[in-house]
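Since every read-out is calculated from the coordinates, none of them should be taken as a lab result. Note that the coordinates shown come from a computational prediction; the quantities given were computed from them, not determined experimentally. All Cβ positions, glycine included, derive from the backbone under ideal geometry; neighbour counts span all protein chains shown.
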């Protein structure tokens, strides 16, 4: 029989990869052109590119904080959001997506190898459990925004 921690880790992994109640980030970012990710619909503050890059930066920051006591977080909020509405190139777009996936995989490996409940030594009470939930919550919030933008620009499947 699995212990409670391994059950929790398995559920966290599902949640971090997109959960089961809605579309995950990987699917929300799939099959988009540079033109689509660069559109900023009227009255919305961000393009899909800006949202994806923000997710990358924030997730990277939480990963680095979780493992490195010398990590310095970017300045909030300006260094968490790209000013450019569009990526420099398709290569830059692909790098953002790849980095989101790589950093998430690394965070999951860290979560699997460490104590979820112990306070992070250089933090202020944070634990890996808290960081995992924060990554999942943050990514889900912005994934929904990406889906809304895709709907507004006619780039969503339904």
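Quick notes
- Nearest 10 degrees, 0 to 90: helix 90-113 Cα axis against the chain principal axis: 20 degrees
- Residue of 45, 77, 87 that the Gaussian network model of the chain assigns the largest fluctuation, springs spanning Cα pairs under 10 Å: 77
- Within the chain, helix-based [θ] at 222 nm, where runs of 4 or more DSSP H residues each add -39,500 (n - 2.57), nearest 500: -19000 deg cm²/dmol
- Residue 157/residue 13 FRET efficiency (R0 41 Å; Cβ-Cβ; nearest 0.05): 0.95
- Highest-MSF residue in the chain out of 92, 58, 30 [GNM, Cα springs under 10 Å]: 30
- For 158, 66, 73, the sequence from fewest to most other C-beta atoms within 10 Å is 158, 73, 66.
- Site pair residue 141 and residue 4 shows an inter-label distance of 2.9 nm when each label is modelled 7 Å from Cα along Cα→Cβ.
- Rounded tilt (10° steps) of 128-152 against the dominant C-alpha axis of the chain: 10 degrees
- Shown is the FRET efficiency for residue 43 and residue 72, computed with R0 = 30 Å from the Cβ-Cβ distance and rounded to the nearest 0.05: 0.30.
- Between residue 36 and residue 118, the simple spin-label model (points 7 angstrom out along Cα→Cβ) gives 4.4 nm.
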